[in-house]
Amino acid sequence: MSLQQLSANKVFGGQHVRYEHQSTVLNCSMQFAVYLPPQVELGKPLPVLYWLSGLTCNDENFMQKAGALKAAAELGLVIVAPDTSPRGASVPDDPEGAWDFGLGAGFYVNATQAPWAKHYQMYDYVVKELPALIEKHLPVSDKRSISGHSMGGHGALICALREPQRYQSVSAFAPVCQPTQCPWGEKAFSHYLGAERETWGEWDASVLMAQATQHLPMLVDQGDADNFLVEQLKPAALQDAAKRAGYPLTSRLQPGYDHSYYFIASFIDEHLRFHAQALKA
Ligand SMILES: N[C@@H](CCC(=O)N[C@@H](CSC=O)C(=O)NCC(=O)O)C(=O)O
C-alpha cells in the first residue's frame, strides 16, 4: 500500500497534506487529508484524531471550515479526514442523484447488498485499512480517537461502540443517533444492508450503546436550532440508551446553533482538548 501526495500547505507551523491511495477494501482510489502539527519535528510518534464528515462532504470540508488546526497545532494532535464514500466512475450512486445516499453518503457501514457491497465498505476502511496505512507511513502512534458530524457523528459513535479497544475517546457534533428510525438511515440501510431490519441494529449507535460493556469518554454536542434535529438526529434515543446502559455520555444541547460548520467551529477546540486529554492519559 503506497501513498501519493497531492498537495501540502504549511499552517500553524504544521502541514496540511492531501494524499491519494488505492483502497483494497473499497476497490477504488481514495483521497484523504492529514494535519501534521509542528510537534512531528520532535520525532516522537503523535496520537491521531480521525474525523468523519457528513453527507455531501469529502476530505476537504472539515479541514477548510472547522477551524480546528490552530488547536491541533497547540495540542500536538494529528487529524485525519477521510472521504465519506468510495469514489470513481465504477462506483454506483443514487439512481436519482440524491445527496443523502450513494456518493458522499457511505454511512460508515459495510454494505451486504448488490450492487453496493463491491465498494461501499466504509466501516472497514475507516476503522482498519486507513489507520493501518496512516500508522505505516506517517509519524503517528497507535493511540486513536474519533469524532464526526451528522452522518459522520453516527460513524464515529458506531466505530467506538463496536470496537472500543481501538480508541481512547469519541465525540460527535449533531450525530444521527438512531439511523434505524430516521429517513436518512432507513434509506441508506435498506439499500446497503437489505430489507431485513433486524440486521440493521449492529450499525445503530442507540442499539449498540444499550449493549455496551466497555465504556469510552464520550462527548456529544447538538444545536437546538438544527433543522435536522427532530426528524433525523434524535439525540434523546442515545441519551435514553446511555441511561439504561450506565454509559458515561456527556450530551449537551447548545442554544441557537444550527447544523452547519459554524456550529462545529464554535466547539471544535473543546472537542480537541477532550480528545487530547484521553489520548495522553
Ligand atoms: N446538500 C444539502 C445539505 C447537506 C448537508 O447539510 N450536509 C452537511 C452534513 S448533513 C449530515 O450528514 C455538511 O456537512 N455539509 C458540508 C458543508 O461543508 O457544509 C443541501 O444542499 O441542502
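Residue by residue, here is whether (1) within 16 Å of the ligand (Cβ to nearest atom); (2) under 27 Å from residue 274 (Cβ atoms); (3) in contact with a Phe, Trp or Tyr (Cβ under 6 Å, 6 or more places away or on another chain) holds:
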{"site": "17", "(1), (2), (3)": "no, yes, no"}
{"site": "29", "(1), (2), (3)": "no, no, no"}
{"site": "39", "(1), (2), (3)": "no, yes, no"}
{"site": "47", "(1), (2), (3)": "no, yes, no"}
{"site": "57", "(1), (2), (3)": "yes, yes, no"}
{"site": "63", "(1), (2), (3)": "yes, yes, no"}
{"site": "67", "(1), (2), (3)": "yes, yes, no"}
{"site": "74", "(1), (2), (3)": "no, yes, no"}
Within the stretch 217-227, the residues that are farther than 9 Å from residue 249 by Cβ and buried (at least 19 other Cβ atoms within 10 Å of the Cβ) are 217, 221, 222, 223, 226
Of all residues in the stretch 88-100 being within 16 Å of the ligand (Cβ to nearest atom) and of a type outside the set (Phe, Trp, Tyr), which is farthest from residue 149 (Cα to Cα)? 96
What number of residues within the stretch 260-278 are more than 15 Å from the ligand (Cβ to nearest atom), buried (at least 18 other Cβ atoms within 10 Å of the Cβ) and of a type outside the set (A, V, I, L, M, F, W, C)? 2
Collect the residues in the stretch 51-96 that are within 27 Å of residue 177 (Cα to Cα) and among the basic types (Lys, Arg), keeping them in residue-number order. 65, 87
Consider residue 154 against the criteria (1) in contact with a Leu (Cβ under 6 Å, 6 or more places away or on another chain); (2) open to solvent by less than 30 Å² (accessible area, probe 1.4 Å); (3) not acidic (Asp, Glu): it satisfies all of them except one. Which criterion is unmet? (1)
For the stretch 247-281, give me each residue that is free of Cβ contacts under 8 Å to residues at least 12 places away in the same chain and not in a helix (DSSP H, G or I). 260
Can you tell me how many residues within the stretch 157-184 are in a loop (DSSP other than H, G, I, E, B), within 16 Å of the ligand (Cβ to nearest atom) and either open to solvent by 10 Å² or more (accessible area, probe 1.4 Å) or of a type in the set (Phe, Trp, Tyr) (or both)? 1
Are any residues in the stretch 219-242 in contact (Cβ under 8 Å) with a residue 60 or more places away in the chain and part of a strand (DSSP E or B), and if so, which ones? 220
I need the full set of residues from the stretch 241-259 which are surrounded by fewer than 20 Cβ atoms within 10 Å (Cβ to Cβ) and either closer than 24 Å to residue 187 by Cα or within 16 Å of the ligand (Cβ to nearest atom) (or both), in order please. 258
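The values are calculated or read from the model by the stated rules, or taken from the named source; none is laboratory data. Not measured: the values here are computed from a predicted model. Don't worry about glycine lacking a Cβ; one is built from the backbone with ideal geometry, like all the others, and counts go over all protein chains shown. To get the accessible areas, we keep the full protein, side chains included, count just its heavy atoms, and leave off ligands, DNA and RNA. Shrake-Rupley method; radii C 1.70, N 1.55, O 1.52, S 1.80 Å.
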